[in-house]
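The block underneath contains the structure these notes are about, expressed in structure tokens.
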Amino acid sequence: MTGPSKQGKVVKPADEKAGDIPTSTAARSVEIPAALSVRELAELLQVSPVDAIKQLMRSGIMANINQVIDYESAAAVATNFGYQVTLKPRASRKSNRISEMKKHQKLLQAEETGGFTSRPPVVTIMGHVNHGKTKLLDTIRETNVMDTEAGGITQHIGAYQVEVNGQKITFLDTPGHEAFTAMRARGAQVTDITILVVAADDGVMPQTLEAIDHARAAGVPIMVAINKIDKPEANPERVKQQLADAGLVVEEWGGDTVCVEISAREKIGIPELLENLMVVAEMEDLKADASRPAEGVVIEAEMDKSRGPLGTVLVSSGTLKIGDTVAVGDTWGRVKAMFNDAGKRVKRVPPSTPVEVLGLNSVPQVGDILTVVGDERQAQALVEEHRLETERESSSRKSVNLTNVFDQISSGRVKELNIVLKADVQGSIEPIRGSLEQLAEEEVKVRIIHSGTGNVTESDIMLAIASKAVIIGFNIDSEPGARRLAEVEGVSVRYYNVIYNLVDDVSKALKGLLEPSYREVIDGRAEVRAIFSTGKRAQVAGVYVTEGKITRGGSVRVQRGGETVVESVVSSLRRFKDDVREVTTGYECGVGIRDFNEFEEGDILELFRVEEAG
Ligand SMILES: Nc1nc2c(ncn2[C@@H]2O[C@H](COP(=O)(O)OP(=O)(O)O)[C@@H](O)[C@H]2O)c(=O)[nH]1
Ligand SMILES: [Mg+2]
């Protein structure tokens with residue numbers, strides 16, 4: 001296992017110095033663009049990506065294989081590999097982790113022509129609940145399964161492929177924008193085209209609008225399927241009007257939104273839908289290089305009792321083969337067997353194709369990126385790099401909030417302030433949107449990527465993560481699940497009930513003038529029931545905790561008749577004879593407060609904490 005790999009390259013242990021890397025030709029020169037991915041850099045330098053990653057790590061840069069790095073970092077690596085470096089004169093590229101895989105493919109596609117061939121589009125179906133998303137997926141599958149062999153039962157593996165006029169289309173089996181955005185929030189974007197399903201009898205509904213915003217925020221083209229046209233109350237013309245109001249003007253009306261009228265239940269218009277889908281795909285000019293080692297995204301994963309860890313992978317570029325060694329998120333393995341959407345064993349899997357993979361050492365996570373590597377050690381190095389990256393991300397998440405947005409703008413990390421705006425009524429949204437969109441400072445634009453009525457939901461939080469957006473609530477609250485998610489993910493949610501204050505804060509934020517705002521959180525309350533002397537003048541109060549908890553070292557204020565007597569810190573906390581760290585509701589304890597010895601019976605102790613409001 002420790003011998004040289006096929007390329008004759010041995011992965012060096014991390015403790016070797018940079019200078020130890022063999023440099024056969026003395027002064028090779030290389031032109032490096034202003035920004036490039038680690039993989040591209042490795043290719044330029046003719047070293048393995050893992051070696052490039054290690055070099056970067058030595059200069060304190062934790063970058064993954066698809067991450068785009070700047071010229072300076074790339075040049076440092078190149079120099080260490082013995083190259084003479086010059087800047088390649090060309091437009092710089094934007095670094096955006098979210099669509100890194102997609103962009104990676106497109107960039108390469110623009111640069112090289114050889115090796116790249118068309119690949120099937122990957123399609124997600126979105127729309128309001130009960131408008132027929134699941135029915136449409138089922139109908140397409142039923143009427144267009146490729147494998148018509150007797151007993152060829154289609155498996156559920158999270159995606160399936162159909163063939164139309166000899167061309168394949170891949171459908172993701174999890175409909176809805178929530179799953180779509182959750183994947184984006186994890187850094188993986190697999191969808192090329194969205195089909196927006198709108199029921200002709202019901203029209204554009206809140207989740208239709210939400211789906212439009214989510215697809216737009218991801219830059220994924222939308223085509224429309226007006227469904228249920230078999231129903232007597234169907235009114236497709238009204239739907240087209242509503243779509244136009246939402247900014248999607250159908251072709252028939254002079255716009256560029258492809259729209260097909262269908263009935264998923266009565267199987268009307270399905271061939272037309274698929275043909276139009278191919279036209280949209282054609283315009284997207286989707287390509288991938290099937291000759292390179294594969295890369296893919298995990299779309300489903302589970303532990304199977306008899307077969308072990310299973311991951312369904314959508315191959316995005318290259319060809320995945322039996323025997324390939326793969327790194328997948330924080331696990332790795334060797335591809336033992338693969339099954340396609342028809343449950344058939346396959347040996348080679350081309351781009352845009354979903355496949356169930358056996359042979360991983362543990363269950364990966366949905367959204368994890370699969371990379372084929374040369375050998376086991378490279379796999380482990382990548383896994384380790386992934387672990388470090390996740391660790392780094394969770395400890396210093398670069399999420400955007402109003403108080404740091406100016407810094408992020410100044411440092412070029414953020415180009416526009418993305419906002420998700422939720423309000424109590426539609427009537428509040430328009431004036432707020434109008435005022436905010438006028439705020440654009442110099443180069444920075446304010447972009448409302450989604451607005452809607454009602455409380456902040458988990459889907460709003462996901463969208464904010466995926467699009468680095470700030471959430472602003474007007475006269476509303478967050479749903480409990482959304483509040484928890486926002487806390488865990490470090491997403492900033494700000495609440496207002498005066499439009500002027502809202503707009504003023506955003507305006508200040510754009511100029512870097514917004515002071516962090518703080519809010520106080522009360523952690524506990526206790527009532528003084530007895531007073532004890534413990535030294536010359538020192539006092540301890542015997543208290544009963546009425547709410548929350550009292551914590552040793554916590555900030556505390558003593559209140560008497562509604563007035564604050566003192567603000568200090570809990571210096572001692574005892575239950576019976578024991579020192580304790582905290583005492584919760586319903587218990588008695590002894591409390592000492594630093595520099596305070598004037599307790600009176602009936603005093604209220606209030607434990608408080610100050611947090612940044614984001
Ligand atoms: N009449 C009619 N009913 C449909 C059609 N498509 C779906 N439905 C029905 O609408 C309901 C909701 O469909 P479903 O696919 O579950 O919607 P989803 O929530 O968007 O996945 C089901 O009862 C379907 O049978 C259609 O084209 N015509
Ligand atoms: Mg459904």
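The values are calculated or read from the model by the stated rules, or taken from the named source; none is laboratory data. This one's a predicted model, so the numbers in the text were calculated from it and none came from an experiment. Using ideal geometry, Cβ is built from the backbone for each residue, glycine included, and neighbour counts are taken over all protein chains shown. Note: accessible area is taken over every heavy atom of the protein model, side chains too, but ligands, DNA and RNA are not part of it. Shrake-Rupley method; radii C 1.70, N 1.55, O 1.52, S 1.80 Å.
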Of those in the stretch 540-586 that are among the basic types (Lys, Arg) and part of a strand (DSSP E or B), the residue nearest to Leu605 (Cα to Cα) is Arg557
So is Gln380 in a loop (DSSP other than H, G, I, E, B), touching a residue at least 12 places away in the same chain (Cβ under 8 Å) and within 19 Å of Asn64 (Cα to Cα) or not? no
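This table checks each residue for (1) assigned to a strand (DSSP E or B); (2) modelled with pLDDT under 75; (3) on the phi > 0 side of the Ramachandran plot.
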{"site": "Glu391", "(1), (2), (3)": "no, yes, no"}
{"site": "Ser394", "(1), (2), (3)": "no, yes, no"}
{"site": "Leu402", "(1), (2), (3)": "no, no, no"}
{"site": "Phe406", "(1), (2), (3)": "no, yes, no"}
{"site": "Ile409", "(1), (2), (3)": "no, yes, no"}
{"site": "Gly412", "(1), (2), (3)": "no, yes, yes"}
{"site": "Val420", "(1), (2), (3)": "yes, no, no"}
{"site": "Ser428", "(1), (2), (3)": "no, no, no"}
{"site": "Pro431", "(1), (2), (3)": "no, no, no"}
Which condition number does Ser451 fail, the rest of (1) part of a helix (DSSP H, G or I); (2) of a type in the set (Gly, Ala, Ser); (3) modelled with pLDDT of 90 or more being met? (1)
Any idea which of Arg537, Arg494, Arg484 is at negative phi, of a type in the set (D, E, K, R) and either assigned to a loop (DSSP other than H, G, I, E, B) or touching a Pro at 6+ places or on another chain (Cβ under 6 Å) (or both)? Arg537
The lone exception for Ile322 - which of (1) in contact with a Ser or Thr (Cβ under 8 Å, 6 or more places away or on another chain); (2) at pLDDT 95 or above it fails: (1)
Every residue in the stretch 121-146 that is open to solvent by less than 10 Å² (accessible area, probe 1.4 Å) and within 7 Å of ligand 1 (Cβ to nearest atom), please. Gly127, His131, Leu136
Among Lys267, Lys240, which is open to solvent by less than 40 Å² (accessible area, probe 1.4 Å), over 24 Å from Ser459 (Cβ atoms) and either at pLDDT 95 or above or within 16 Å of ligand 2 (Cβ to nearest atom) (or both)? Lys240
State which residue pairs qualify: first residue on the phi > 0 side of the Ramachandran plot and inside the stretch 263-275, second residue away from ligand 1 (no atom under 12 Å from the Cβ) and open to solvent by less than 80 Å² (accessible area, probe 1.4 Å) in any location, beta carbons under 7 Å apart, and separation of 6 or more residues or different chains. Lys267/Thr143; Gly269/Val260
Pair list, Cβ under 6 Å, 6 or more apart: the stretch 38-59 residue over 18 Å from Thr86 (Cβ atoms), other residue among the basic types (Lys, Arg) and modelled with pLDDT under 80: Ser48/Lys9
Cross-chain or 6+ apart pairs with Cβ under 6 Å, the stretch 122-148 first and at pLDDT below 95 and part of a loop (DSSP other than H, G, I, E, B), then more than 9 Å from ligand 2 (Cβ to nearest atom) and open to solvent by 10 Å² or more (accessible area, probe 1.4 Å): Met146/Glu163; Asp147/Ala342
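Here is a check on your reading of the model: is Pro232 modelled with pLDDT under 95, open to solvent by 30 Å² or more (accessible area, probe 1.4 Å) and assigned to a loop (DSSP other than H, G, I, E, B)? Spell out the reasoning first.
Numbers: modelled with pLDDT under 95: no; open to solvent by 30 Å² or more (accessible area, probe 1.4 Å): yes; assigned to a loop (DSSP other than H, G, I, E, B): yes.
No: the conditions fail for Pro232.
Can you tell me which residue in the stretch 341-365 is nearest to the chain's Cα centre (by Cα), limited to those that are buried (at least 21 other Cβ atoms within 10 Å of the Cβ) and part of a loop (DSSP other than H, G, I, E, B)?
Start the filter on the stretch 341-365 by keeping residues that are buried (at least 21 other Cβ atoms within 10 Å of the Cβ), which leaves 341, 349, 351-357, 359-360, 364.
Of the ones still in play, those that are also part of a loop (DSSP other than H, G, I, E, B) are 341, 351-352, 364.
Working: Asp341: 26, Pro351: 23, Ser352: 21, Pro364: 16 Å.
Here the answer is Pro364.
Specify which of the listed residues (Leu277, Leu273) is outside any loop (DSSP other than H, G, I, E, B), within 15 Å of ligand 1 (Cβ to nearest atom) and modelled with pLDDT of 90 or more.
On the way: Leu277 fails: within 15 Å of ligand 1 (Cβ to nearest atom).
Selected residue: Leu273, the only one of Leu277, Leu273 that is outside any loop (DSSP other than H, G, I, E, B), within 15 Å of ligand 1 (Cβ to nearest atom) and modelled with pLDDT of 90 or more.
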If Met223 satisfies all but one of (1) closer than 16 Å to Ile195 by Cβ; (2) open to solvent by 30 Å² or more (accessible area, probe 1.4 Å), what's the number of the condition it fails? (2)
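Which one of Ser478, Ser459, Ser451 is open to solvent by 20 Å² or more (accessible area, probe 1.4 Å), small (Gly, Ala, Ser) and within 26 Å of Gly127 (Cβ to Cβ)? Explain how you work it out, then say what you get.
On the way: Ser478 fails: open to solvent by 20 Å² or more (accessible area, probe 1.4 Å); Ser459 fails: open to solvent by 20 Å² or more (accessible area, probe 1.4 Å).
Among Ser478, Ser459, Ser451, only Ser451 is open to solvent by 20 Å² or more (accessible area, probe 1.4 Å), small (Gly, Ala, Ser) and within 26 Å of Gly127 (Cβ to Cβ).
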Residue in the stretch 281-293 that is modelled with the highest pLDDT, counting only those that are outside any loop (DSSP other than H, G, I, E, B) and open to solvent by 40 Å² or more (accessible area, probe 1.4 Å): Pro293
Considering only residues that are buried (at least 20 other Cβ atoms within 10 Å of the Cβ) and outside any loop (DSSP other than H, G, I, E, B), look in the stretch 186-206 and name the one that is farthest from ligand 2 (Cβ to nearest atom). Ile193
Assess whether Arg238 counts as being more than 22 Å from Thr124 (Cβ to Cβ) and either within 25 Å of the chain's Cα centre (by Cα) or of a type in the set (D, E, K, R) (or both). yes
For Gly296, are the conditions met, namely being away from ligand 2 (no atom under 16 Å from the Cβ), among the small types (Gly, Ala, Ser) and either without any contact (Cβ under 8 Å) to a residue 40 or more places away in the chain or in a loop (DSSP other than H, G, I, E, B) (or both)? no
